[in-house]
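The values are calculated or read from the model by the stated rules, or taken from the named source; none is laboratory data. It should be emphasised that the depicted structure is a prediction, and the values quoted were computed from it without experimental measurement. Here the Cβ positions follow ideal geometry from the backbone for every residue, glycine too, while neighbour counts run over all protein chains shown.
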Amino acid sequence: MNEAKKIQSERFNSLASDWSNSDEAIRQAEKAVSVLGIQSRQSLLDVASGTGVILHALKQLQISPGHYLAMDISSAMLEKLHTAFPEAETACADFEQPFTCQRGFDYLLIYNSIPHFSDLDMLFTNAKRSLLPGGTFMIAHSRTRQGLKEHHQRIGYISERAPIPADEELALLAGKYDFDQLSFADEEFFCFTCRSKG
Ligand SMILES: C[S@@+](CC[C@H](N)C(=O)[O-])C[C@H]1O[C@@H](n2cnc3c(N)ncnc32)[C@H](O)[C@@H]1O
């Protein structure tokens, strides 16, 4: 792990104990999961899972994935996830480094976490590698681009780059890494999906 990522994982480790999955946060996550379209028995790689808001949403929606893996750079976030969902498989790893998993997934979701990723080529490389042919890659955020910008202004956060990449950049990356069936939405919340070509 490089120095910047080490600092980031330590920062999230220190935030984990107070990280609450409020009813509102779970309700928002349910919307992303519904758009994702996952059904019981299908498989999901939950990248940058944090403390498990997506698992809470799946539970609320009564969806039981056949295989679920939560991966995050922060061990403390994953420990907290494990307390709520002891049966969940977890992997503490940096998704901006080459990532290999034993078997491919039907779905890969990165939720509320895209602003923390800078190496988008590695993100798409890992997504391509982790998905089964025909699998769906979704990047979603509970806020819209504009909503996130206003939120960052309110908290005095200055970002060197767009926290959510532009549609044009996502489209270029999707083409480069052999994804098709792209869709973009940024009205109620931000959501980008694409399908790994077979
Ligand atoms: C804002 S939190 C969101 C967590 C969760 N998805 C949620 O919505 O509650 C961002 C998460 O991204 C994780 N993260 C940041 N960079 C990462 C990386 N390179 N690989 C894996 N996880 C990463 C952090 O540890 C943190 O848990």
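Just a few scattered comments:
- HIS152 within 13 Å of the ligand (Cβ to nearest atom) and more than 23 Å from LYS6 (Cβ to Cβ): yes
- Qualifying residue in the range 40-48 (condition: buried (at least 16 other Cβ atoms within 10 Å of the Cβ), over 18 Å from PHE117 (Cβ atoms) and touching a Phe, Trp or Tyr at 6+ places or on another chain (Cβ under 6 Å)): yes
- Within the range 132-188, being of a type in the set (S, T, N, Q), surrounded by fewer than 15 Cβ atoms within 10 Å (Cβ to Cβ) and in contact with a strand residue (DSSP E or B) (Cβ under 7 Å, 6 or more places away or on another chain) holds for GLN181, SER183.
- Residue among GLN42, GLN60 that is away from the ligand (no atom under 14 Å from the Cβ) and touching a Gly at 6+ places or on another chain (Cβ under 7 Å): GLN42
- Scanning the range 97-118 for residues that are exposed (fewer than 14 other Cβ atoms within 10 Å of the Cβ) and not polar (S, T, N, Q), we see that the one that is farthest from the chain's Cα centre (by Cα) is ARG103.
- Members of the range 16-32 found to be part of a helix (DSSP H, G or I) and in contact (Cβ under 8 Å) with a residue 60 or more places away in the chain, listed by number: ALA16, SER17, ALA25, GLN28, ALA29, LYS31, ALA32
- Residue within the range 1-9 that is modelled with pLDDT of 95 or more and either more than 7 Å from the ligand (Cβ to nearest atom) or closer than 23 Å to CYS191 by Cβ (or both) present: no
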